[in-house]
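Undergrad: Take this structure, written in structure tokens, and hold onto it; I'll ask about it next.
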Amino acid sequence: MEDYQEKIRQLSLAQNRIDGLYYQVARKLGVKDNTLALLYALDDGQPHSQKQLCEEWLIPKTTINTIVKELAAEGFLLLIIEEHTREKRICLTPKGRRYASSLLSPVYRMEQEALRRTLQEHGSAFIEANAAFARNLKESFDRFFARPADPEDSGEQKADPEKDGK
């Protein structure tokens with residue numbers, strides 16, 4: 001049987017390295033990593049709610065709120081009030097699109113080069129497999145955290161009545 005834990009460790013290391021690379025790129029571009037992630041998310045040209053951004057990009061709500069306020073104050077974002085809800089949709093202004101493009105254009109070029117080389121080596125199944133693993137991992141985590149806590153899962157010792165003299 002394959003050593004799944006070693007393979008998971010390799011995947012985790014690779015993902016951590018990818019996350020770290022984006023962090024380094026953001027710093028070299030002079031922005032916070034979550035600011036870069038938000039601009040990346042908004043660069044698809046569609047308005048997004050803060051809730052949607054939090055869920056899809058796994059950025060805490062307070063962090064998104066802070067970044068949105070900062071970027072809106074600089075004229076990079078437009079907040080659109082939705083009818084029948086307190087939720088606001090966020091989109092880039094023309095100034096924001098130019099700013100995002102100035103930061104993201106080199107990132108996109110680097111990503112495309114890396115993806116082109118990876119697809120040459122591994123084919124398009126690489127993307128499908130990564131998406132499937134992310135989906136399956138989320139489902140596993142969701143199931144685990146939805147059930148009642150089990151002391152064995154947390155590494156805690158179960159009480160042993162014989163050892164406790166009961």
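The values are calculated or read from the model by the stated rules, or taken from the named source; none is laboratory data. Keep in mind that this is a model prediction, so the values were computed, not measured. A quick note on method: Cβ atoms are made from the backbone with ideal geometry, for glycine too, and the neighbour counts reach across all protein chains shown. Areas reflect the complete protein model, heavy atoms only, side chains present, ligands, DNA and RNA absent. Shrake-Rupley method; radii C 1.70, N 1.55, O 1.52, S 1.80 Å.
Undergrad: Residue under question is Tyr40, and the condition is that it be open to solvent by 60 Å² or more (accessible area, probe 1.4 Å) and touching a residue at least 24 places away in the same chain (Cβ under 8 Å); does it hold? Write out each step before concluding.
TA: Values: open to solvent by 60 Å² or more (accessible area, probe 1.4 Å): yes; touching a residue at least 24 places away in the same chain (Cβ under 8 Å): yes.
Spelling it out, Tyr40 is indeed open to solvent by 60 Å² or more (accessible area, probe 1.4 Å) and touching a residue at least 24 places away in the same chain (Cβ under 8 Å).
Undergrad: A further question follows. For residues that are open to solvent by less than 100 Å² (accessible area, probe 1.4 Å), part of a loop (DSSP other than H, G, I, E, B) and free of Cβ contacts under 8 Å to residues at least 60 places away in the same chain, tally how many sit in the range 1-31.
TA: Total satisfying the criteria: 2.
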